[in-house]
Amino acid sequence: MIYAPAPRDATMPPVRINLLSDTQTRPTPAMRDAMARAEVGDEQIGDDPSVNLLCERVADLLGKEAAVFMPSGTMCNVAATLVHCRPGDEILAHGSAHIIANAGAMPSDWHVSGNGLTNEVITATAANQTIAGGVGNDTLIAGAPNVTMSGGPGADTFVFAPINPSTIAGVYTAGLGRDVITDFTADMNNINHDVLQFSSAMFAAGTTASALVNGTAHNVAGGLVTVVQSGSDVVMTLDPTDTITLNNVTLSVLKASAAADFHLA
């Protein structure tokens, strides 16, 4: 995601200090000279006198006991996260939250929930995310590898398309990783059944929904796409590195409702 501020109003006075980021306001010659002459030390052990003076000054200005110098926005987000979480914890955030859209590489796992409205479109934007729909007919998009998806009630659509496709030595990989749908509802004459929507770019020409669910389809490099019952789950293997697991789904039911549950676009 790239954020660009609105164009400056030409009728307004020139901007002297722009706090959009630390790169907007350029240092003056005097500032550069001060940096060059600054007394330095090891900030990590509290031995940098310039940083210590900066923290003392900011704490005094804001009426606080102490201040901590954080040279990047990502560091700030990490510190804020660790105040509330420990390894293994989940962060629940909206799909457009800043820490996801602009600092998605910080945690190893994200849980992205909808905004509570009906018929939402929710996209995984970083690997290992968990995305969850709301009460309506939502669309959940596996826009990154290794996504866990939960549609919730309603007739939800789960969308899969190549992320970083490659063909090496005749072996095709779509770049989806190991995706999981925790609450897929097959047709079974259920008006609120869910849909798996696949990009036809992943499969051989002429591939049908019936071929996909019956395990007779092939990917674009000719590799067999398999669909098997594995315990209580159905596992679809698209290629050597990409699978989609449907928790608590019976393959026979899925086959009977292939035309309703499997779409290619």
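The values are calculated or read from the model by the stated rules, or taken from the named source; none is laboratory data. Everything numeric in this text was worked out from a predicted model, so none of it was measured. Neighbour counts run over all protein chains shown; Cβ positions are idealised from the backbone, glycine included. The protein model used for the area step is the full one, side chains on, heavy atoms only, and it has no ligands, DNA or RNA in it. Shrake-Rupley method; radii C 1.70, N 1.55, O 1.52, S 1.80 Å.
Numerical summary
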quantity: Flag if residue 47 is among the charged types (D, E, K, R) and assigned to a loop (DSSP other than H, G, I, E, B); calculated: yes
quantity: Failed item, numbered, when residue 216 is tested on (1) closer than 18 Å to residue 149 by Cβ; (2) more than 26 Å from the chain's Cα centre (by Cα); calculated: (1)
quantity: Residue count for the stretch 44-83, restricted to those that are open to solvent by less than 50 Å² (accessible area, probe 1.4 Å) and of a type in the set (Val, Ile, Thr); calculated: 2
quantity: The stretch 177-195: number of residues that are of a type outside the set (Ser, Thr, Tyr), touching a Ser or Thr at 6+ places or on another chain (Cβ under 8 Å) and at pLDDT 90 or above; calculated: 8
quantity: Tally, over the stretch 159-184, of residues that are in a strand (DSSP E or B), of a type outside the set (D, E, K, R) and open to solvent by 20 Å² or more (accessible area, probe 1.4 Å); calculated: 7
quantity: Residue list for the stretch 121-158, restricted to those being open to solvent by 20 Å² or more (accessible area, probe 1.4 Å) and among the polar types (S, T, N, Q); calculated: 123, 125, 128, 130, 137, 139, 146, 148, 150, 157
quantity: Matching residues, the stretch 235-256, being over 25 Å from the mean Cα position of the chain (by Cα), in contact (Cβ under 8 Å) with a residue 60 or more places away in the chain and surrounded by fewer than 18 Cβ atoms within 10 Å (Cβ to Cβ); calculated: 250, 253, 256
quantity: Hits in the stretch 209-247 (condition: touching a helix residue (DSSP H, G or I) at 6+ places or on another chain (Cβ under 8 Å) and in a helix (DSSP H, G or I)); calculated: 209, 210, 212, 213, 214
quantity: Complete set of residues in the stretch 14-41 that are open to solvent by less than 80 Å² (accessible area, probe 1.4 Å) and either of a type in the set (Gly, Ala, Ser) or under 36 Å from the mean Cα position of the chain (by Cα) (or both); calculated: 18, 21, 23, 25, 27, 30, 34, 38, 41
quantity: Residues being crowded, with 19+ Cβ neighbours inside 10 Å and either in a loop (DSSP other than H, G, I, E, B) or at pLDDT 70 or above (or both) - total across the stretch 105-120; calculated: 3
